[in-house]
């Protein structure tokens, strides 16, 4: 795997070739960007939902535009890559009972506990012992293993979200204040599956999850998706007060269990509680599509390597709320903006090949936990070891020009030095880094590439930059307030395209990304991970 062992040499090469590479980068036109954005966010596409008609229309539009632009299809003459996923919605006659001392307790679904299946099975009935596994983490580089080799096959795992906290003796343990991937609920579900467990329940607190109970409550009240054959039989969240009461009735103190789990000596604790699961789900098999095209490289040898630009095409689609008519969640900023920008960038790139091949990827089902990009990484149309970088666009700047550009996550690799050179040549600067307390780095499609060892980050997003505060060129206070205000519209029906939007900042962000891509595509060497970074080797099997 690429590391920083020759970073200084690489940076020197980057600086030598930077001006020449940027001079070759074509200019992104704002007019097609706006046109594509307006169409992709239109009611006609019904919010581009996974497994919905609007999503199929979005794919058809993207592949048609890719052909018109002149991209080369990569999948046996097709711009499509099929992604097989399973949709699951828990039915109301499902139940989860806890047996302790001859008594059965049933936490109230929705208010106290939420659960479902990602297995693709419509009817699951099983009994399993409940085992507390602390934070549910196996991290060799942290010398941490909550499982200690205990056989947990067929058992239901109870665990906490987030990371073990840093200590005075180890102030940088698990990223200090920043959330590592081991703290994300997605990792914990994955690790439970690798352990062969019957399922997993996460104990919810607002502080540890970084969001309220309403988030898992809403997620599990709708259809959930997983890659076919990749999910646990039971997955769920348990509200802290309810969990505390049940554990107390079984003779356990939740705070004492938490405290024990903050030590490397912790091992799984059998709680002497048996779970009776009766899980009925509406299951459907769904075929979705990534859309992919490329511009072949011009150099005889370097064209065998590629730079990927990505931006997911999906949003939440037609959403039904109890007692209401279905509403269209258009997802204009998230992420019709990125999908449109990628089309405009591809249009600029086709007539100006770089030395390395450039790939334009529109993943599906990002809103369903990055399923499209995860499927691509499992079955890449270009060898991952010959993929120089993934530069992702998600929820772009619709407010106006800025004097800086967000590059959070690039500091993990030599891409930061490349981004700094691009910013300098564009007359802007890099936005200051902020601690990634909520794990934003793990919540967009670039992360599927990063966890597989490909240098990657999300370029320039103000929505996930911490406070959304970039240095806007015009009307700084009003522009900052407009971007911060969008956070109230994020993942709501209000994320709609406005013809009055100033897209100069969006074009600037797209141009920065394309300039960075050309710099990487024309450089003598591929980017490298910083030595010792969590993703300098694949974190988990793909």
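The values are calculated or read from the model by the stated rules, or taken from the named source; none is laboratory data. A quick note: this is a predicted structure, and the numbers were derived from the prediction, not measured. Cβ placement follows ideal geometry from the backbone for every residue including glycine, while neighbour counts extend to all protein chains displayed.
Couple of notes before you dig in:
- In the stretch 236-255, the residues that are touching a residue at least 60 places away in the same chain (Cβ under 8 Å) and outside the structural domain of residue 99 (by TED's automatic domain parsing) never reach a residue that is part of a helix (DSSP H, G or I) and surrounded by fewer than 16 Cβ atoms within 10 Å (Cβ to Cβ) with C-beta atoms less than 7 angstrom apart, at least six apart or across chains.
- Only listed residue being surrounded by fewer than 15 Cβ atoms within 10 Å (Cβ to Cβ) and either more than 22 Å from the chain's Cα centre (by Cα) or outside any helix (DSSP H, G or I) (or both), chosen from 196, 231: 196
- Evaluation of residue 212 against (1) under 23 Å from residue 368 (Cβ atoms); (2) modelled with pLDDT of 95 or more; (3) in contact with a helix residue (DSSP H, G or I) (Cβ under 7 Å, 6 or more places away or on another chain) (one fails), failing number: (2)
- In the set 70, 116, only one residue is within 17 Å of residue 192 (Cβ to Cβ) and touching a strand residue (DSSP E or B) at 6+ places or on another chain (Cβ under 9 Å); that residue is 116.
- Some residue of the stretch 268-276 being modelled with pLDDT of 95 or more, within 30 Å of residue 380 (Cβ to Cβ) and either exposed (fewer than 14 other Cβ atoms within 10 Å of the Cβ) or assigned by TED's automatic domain parsing to the domain that holds residue 148 (or both): no
- Any chance residue 269 is touching a strand residue (DSSP E or B) at 6+ places or on another chain (Cβ under 7 Å) and closer than 30 Å to residue 522 by Cβ: no
- Counting only helices (runs of 4 or more DSSP H) that sit completely within the stretch 404-517, zero hold 2 or more residues that are in contact with a helix residue (DSSP H, G or I) (Cβ under 8 Å, 6 or more places away or on another chain) and free of Cβ contacts under 8 Å to residues at least 60 places away in the same chain.
- Failed criterion for residue 527 (all others in (1) touching a helix residue (DSSP H, G or I) at 6+ places or on another chain (Cβ under 8 Å); (2) farther than 30 Å from residue 320 by Cβ; (3) assigned by TED's automatic domain parsing to the domain that holds residue 358 hold): (3)
- Selection of strands (runs of 3 or more DSSP E) fully inside the stretch 77-183 by the criterion of at least 3 residues being modelled with pLDDT under 95 and under 16 Å from residue 202 (Cβ atoms) returns nothing.
- One residue stands out in the stretch 19-64 among those that are surrounded by 22 or more Cβ atoms within 10 Å (Cβ to Cβ) and more than 25 Å from the chain's Cα centre (by Cα): the one that is modelled with the lowest pLDDT, namely 21.
- The set of residues from the stretch 234-269 being in a strand (DSSP E or B) and under 30 Å from residue 89 (Cα atoms) comprises 234, 235, 236, 237, 238, 239.
- Test: residue in the stretch 326-334 that is assigned by TED's automatic domain parsing to the domain that holds residue 290 and farther than 28 Å from residue 479 by Cα: yes
- Per-region count, the stretch 263-277, residues out of contact with any helix residue (DSSP H, G or I) (no Cβ under 8 Å at 6 or more places or on another chain) and over 12 Å from residue 98 (Cα atoms): 6
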